[in-house]
Structure formats: structure tokens, C-alpha cells
Amino acid sequence: SCSGPSSKCTVDPSIRLAAARVAQQQALLAQADAARGLTLSADASASVQRDDGNPGDRRSLGLDARLPLDLFDRLQNTRDAAAFDLAAALAELEQARLEQVDNYLLALIDAAEANLLEKLLLEQIGTAATLRRLTELRFTQGLASSVDVLQQRGHLALLQQQLPNVKLRQRTASNAMAALLGETPPQALSLPAALPGIAFSAPLAHPRALLERRPDLVRRRAELMAADHRYEAALRERLPSVDLSAAALLQTISGNPGSILSAAVDATLELLDSGARQGRI
């Protein structure tokens, strides 16, 4: 199983990389959500001064709250782009897990094929060795020619020459399965005795359904939607940005307390940025 964080499939570097990208996109989405929320800051100061020899002191404590007013949906588009980036990262992780399962299944099938091929080859070698002995016996009795003997010997040698290649295929498949599971290749081979049973089913589906079933297409669609929203956010950067702010200041000057409360709506429009916004678009 490659579906859980404790799965052995998580040892694969591509899966770990995809999982790290998911965590990164989750953090970027949280950052985009936070950019639309309230920001609260505090500052404090204390100073001492002398004016014509008269000492004085000043102490102040201020709170400042700021809330962006996303009138033109620039922050919303940025947040939506981050959400689609996260969806693309999740699809990429699912695709990496499917590829891991696919590679392991192919290695398992190759190992089973090599094991069955070795058994078949050993049976053929035993049969060929028996035929060679019978042919040699018939040759001593004058019932077979030397050509028949040479042919049987050549056939047996040809079968024996194939055995090392089968052994190599067994070891390669066993090492591949161990590598996919993040384990050290075993010294003694332990290969499946038969091919695994695979239930094949390919239900017909509308092409649009592939966008929901295939992780690679889900990722590509999410990347396209994220690019659309980033482009829209870049277009909205040419419009004014509006913030709602409120501030409270408590201060004492030479022991005399005082307070200031203020609230404002700030609008900012960049008139000249040397082409920076156009470059982002």
C-alpha cells in the first residue's frame, strides 16, 4: 500500500519530494488566507529630554489594526491560485504513488516470469540431457550417427547457456523490488512462484471524467487554473488598493496622560513603477 504516510513507498525520493511540495503549497495557501485578514501591531516607546534645563519624559503605547478591503478581488485571485497550486501538488503526489505501485508491480511480474522461466529451462535441460545419453547409447549400438550425437550435445549446451541470463534476470528483478521498498537486496532470492492474478477492467467513461480520475490530468488542469488566477491577480494590481485602518495611542508627557484614537480608509494607486506590474502580467 502507498496510501499512508507510514507506507514503505514513502522511501521513494519522488514521493518524498511530492509530499514536501504539498506541505509547501499548504503553507502558501495559509499565507494567502492570512493576507486577507486583520493585521494588528503594537509599539511602545520611552524617552527623556531636557528643555532649557527642565527635564521631561515621554512614554507611549500604540495599537494599530489594518484590514485590507479587497474591492477588486486581487487578494481573492491570489488565494484561489494558491488553492489550485495545492490541488496540483496533491495530484502530483497521487501520481507519484501510482507510478511507484506500477513500477513495483512490473518488477514483481518480471520476477515471477524469470522464476517460471528457470523452472521451464531446468526441465528442458533435464530432458535434453536424457536425450543426449540415449543418443550416445544408440550411437555405441550403431543405431545413430555421430551427427545425431553432436546435434543433441549442441542443443543441450544451448539450453545451458541460457541459464545464467535467467539467473541475472531473477537477481535484477529482486533488486528492483527491494529498491522500490527501500530495503537492502536479499542475498538469497525469494521470488513469487506464479504470476500475480490481475483483474483487468476498463469501463468506458466520458472524456471529461478523465479530468477527475487521472492524477496527471488533474494536476495539469489545476496548474492551468492557478495560472489563470495569477494572471487575473496581476491585472488587478493596476487598480487601487484599499485598506481600513484604526489606531489607538496612549501616551504620557511629563506625567500628563493623553490618548489619541483614529480610523481611516486608505487608498493607494501606483502611478509609475517602471514596468514592474506589466512584467508580472
Highest to lowest packing among 136-146, 72-82, scored as the average C-beta count within 10 Å: 72-82, 136-146
Cut-off 14 Å, label 7 Å out along Cα→Cβ of residue 143, residues of the stretch 119-133 by amide N: 131-133
Would you kindly calculate the translational diffusion coefficient of the stretch 50-142, applying Stokes-Einstein with the Kirkwood radius from alpha carbon pairs, for 10 °C and a viscosity of 1.306 mPa s, and quote it in µm² s⁻¹ without decimals? 69 µm²/s
Among 152, 217, 31, which residue has its Cα positioned farthest towards the positive end of the charge dipole of the chain, with +1 placed on the Cβ of Lys and Arg, -1 on the Cβ of Asp and Glu, and the dipole taken about the Cα centre? 152
Phi to ³J(HN,Hα) by Karplus 6.51 cos²θ - 1.76 cosθ + 1.60 over the stretch 16-28, Hz, x for Gly, Pro: 5, 5, 5, 5, 5, 5, 4, 4, 5, 5, 5, 5, 5
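Note down the net charge around residue 106, summing +1 for each Lys or Arg and -1 for each Asp or Glu among other residues with Cβ under 14 Å from its Cβ.
Result for the neighbourhood of residue 106: -3.
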For the chain, average projected area of the Cα convex hull in nm²: 31.4 nm²
Suppose every K and R has +1 on its Cβ and every D and E has -1 on its Cβ; what is the size of the dipole of the chain about the Cα centre, in Debye to the nearest 20? 1220 debye
Using +1 at the C-beta of Lys and Arg and -1 at the C-beta of Asp and Glu, which of 166, 65, 49 has the Cα lying farthest in the positive direction of the dipole of the stretch 42-166? 166
Would you mind listing how long the stretch 156-254 runs along its three principal axes, going by Cα atoms, in whole Å with the largest first? 106, 54, 24
Work out how much length residue 58 to residue 44 would gain on full extension: take 0.36 nm times their residue separation and subtract the Cα-Cα distance, in nm to one decimal. 4.0 nm
Estimated dipole of the stretch 85-140 in Debye, rounded to 20 [Cβ of Lys and Arg +1, of Asp and Glu -1, Cα centre]: 800 debye
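Over the chain, average the accessible area per residue using a 1.4 Å probe and give it in Å², no decimals.
66 Å²
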Leaving out ligands, DNA and RNA, what percent of the accessible area of the chain is carbon and sulfur, probe 1.4 Å? 58 percent
Using a 1.4 Å probe, how large is the accessible area of residue 280, given in Å² and rounded to the nearest 10? 130 Å²
Taking amide H positions as placed 1.01 Å from N in the peptide plane, with prolines and chain starts having none, which residues 5 or more places from residue 195, or on another chain, fall under 5 Å of its amide H? none
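The values are calculated or read from the model by the stated rules, or taken from the named source; none is laboratory data. Predicted model, so just to flag it, every value in this text is computed and none were measured. Positions of Cβ are backbone-derived with ideal geometry, glycine not excepted, and every protein chain shown enters the neighbour counts. SASA here: full protein model, heavy atoms, side chains in, ligands and nucleic acids out. Shrake-Rupley method; radii C 1.70, N 1.55, O 1.52, S 1.80 Å.
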